[in-house]
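Student: Below you will find the structure I want to go over with you.
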Amino acid sequence: MAKKQQFGLSAVEVEPLHEKVYAEIVRALVSGRFEPGQKLTSRKLAQELGTSDMPVRAALMRLQAQQALRPLPNGSLEVPQITASEFAQLMDARTVVEGAATERAASIINGNNLRTIRKLSEELTNAARAGDIDLYLAANYDFKFTIYRHCGNAPLLFLIETLWMQIGPFLRRYSGSFDGALSGILEIDYHEDALEALEKGDGPKARGAIVRDISEGAAYLLKHAEFAAG
């Protein structure tokens, strides 16, 4: 027999610290807060996160297993640099899984969710016009993942996040492009088209907008960015 609670309160679930640390580092990767080639140590990350070394080490080992980080001989880890071929393959994979997630989400997203996505779309546009690469990458992540989280398929969302952990840092290469004006990225950014399709409940059109957004961004970076030697 379950023990009767004195005050009728529900138990509060507390997320383990190592999961919170892992989630924070993942968010930093996918939103481009780390750069390709950047060295990471558990000690420095623990200092910034305000936690002990142990949960950070656990998170870094997990990310190494997911190929989001690479080990170095001195025991630290590196945000991987990628070749043009690796980049092209990762972006191609993104079109498949993110397109599918967007089309699925179009039939699930309701009015309240759309208001949130509309607000994030505005933040994404404003960040590009302001020329703030940090805000742009964070807004780009928030906009897209708010859509993907409504796809109703946890394994699909996991695949998307895994790809973003590898590609997110490299998207920082948009900074300084477009003749120094980040607002030029809006010419190959189709988030407003995706929003319009979602508001109409048009899954195939929303999918097409996301796929085009990824594909044209990939083509631009393949033409203008510097990659690791293959």
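Student: With bins 5 Å wide starting at 0, give me the P(r) of the range 80-137 over every alpha carbon pair, in whole percents.
Tutor: All Cα pairs considered, the percentages come to 4, 15, 13, 15, 21, 20, 9, 3, 0.
Student: In the chain, if every C-alpha pair distance is counted and binned at 5 Å from zero, what percent goes to each bin?
Tutor: Whole-percent P(r) values from 0 Å outward: 1, 6, 13, 16, 17, 15, 12, 9, 4, 2, 2, 1, 1, 0, 0.
Student: Amide H of E78 versus every other amide H placed in the peptide plane: which residues, excluding those fewer than 5 positions away on the same chain, fall under 5 Å?
Tutor: L40, R70, L72
Student: Mind putting a number on the dipole of the chain about its Cα centre? Charges go on the C-beta only, +1 for Lys and Arg and -1 for Asp and Glu, and I need it in Debye to the nearest 20. Present the calculation step by step, with values, prior to reporting the outcome.
Tutor: Working: 26 positive and 29 negative charges, 164 e Å.
Around 780 debye, computed over the chain.
Student: Based on DSSP H runs of at least 4 residues, each adding -39500 (n - 2.57), what is the mean residue ellipticity at 222 nm of the chain after dividing by all its residues, to the nearest 500 deg cm²/dmol? It would help to have the intermediate numbers written out before the result.
Tutor: Numbers: 9 runs with 139 residues, N = 230.
The helix-only estimate for the chain comes to -20000 deg cm²/dmol at 222 nm.
Student: Let me ask another. What are the extents of the Cα atoms of the range 136-190 along their three principal axes, in Å, largest first?
Tutor: Here the Cα extents, ordered largest to smallest, are 40, 20, 15 Å.
Student: I would also like to ask the following. When the accessible area of the chain is split by element with a 1.4 Å probe, what percent falls to carbon and sulfur?
Tutor: On the way: 6400 of 12480 Å².
Carbon plus sulfur share of accessible area: 51 percent.
Student: Shifting gears a bit: Loop-only GluC sites (Glu not before Pro) in the range 141-230, please: DSSP not H, G, I, E or B, and at most 10 other Cβ atoms within 10 Å.
Tutor: Values: sites: E161, E187, E192, E196, E199, E216, E226; in loops: E226.
Answer in residue order: E226.
Student: Mind putting together the pair-distance distribution for the range 5-109? All Cα pairs, 5 Å bins, whole percent per bin, short to long.
Tutor: 2, 10, 15, 18, 14, 12, 12, 8, 4, 2, 1, 1, 0
Student: I'd like the Karplus ³J(HN,Hα) series for the range 74-91: coefficients 6.51, -1.76, 1.60, θ = phi - 60°, whole numbers in Hz, and an x wherever there's a Gly or Pro.
Tutor: 7, x, 7, 10, 10, 6, x, 8, 10, 7, 4, 5, 5, 4, 4, 5, 5, 5
Student: Given the pairs K144/K223; K200/K223; K119/K223; K39/K223; K144/K200, which are separated by over 29 angstrom at their Cα positions?
Tutor: Check vs 29 Å cut-off fails for K200/K223; K119/K223.
Student: Then there is this: Could you report the chain's accessible area per residue, 1.4 Å probe, as an integer in Å²? Let's see the in-between values first.
Tutor: Working: 12480 Å² over 230 residues.
Dividing the accessible area of the chain by its residue count gives 54 Å².
Student: Rounded to the nearest 10 Å², what accessible area does T95 have for a 1.4 Å probe in the complete protein model?
Tutor: About 20 Å², ignoring ligands and nucleic acids.
Student: In whole Hz, with x marking every Gly and Pro, tabulate ³J(HN,Hα) for the range 36-47 from phi via Karplus 6.51 cos²θ - 1.76 cosθ + 1.60, θ = phi - 60°.
Tutor: Those phi angles translate into x, x, 6, 8, 10, 10, 4, 5, 5, 5, 4, 4 Hz.
The values are calculated or read from the model by the stated rules, or taken from the named source; none is laboratory data. Every value quoted in this text rests on a predicted model; they were computed, and no experiment measured them. Quick reminder, even Gly has a Cβ in these numbers, built from the backbone with ideal geometry, and neighbours come from all protein chains shown. With ligands, DNA and RNA removed, areas are computed over all heavy atoms of the protein, side chains included. Shrake-Rupley method; radii C 1.70, N 1.55, O 1.52, S 1.80 Å.
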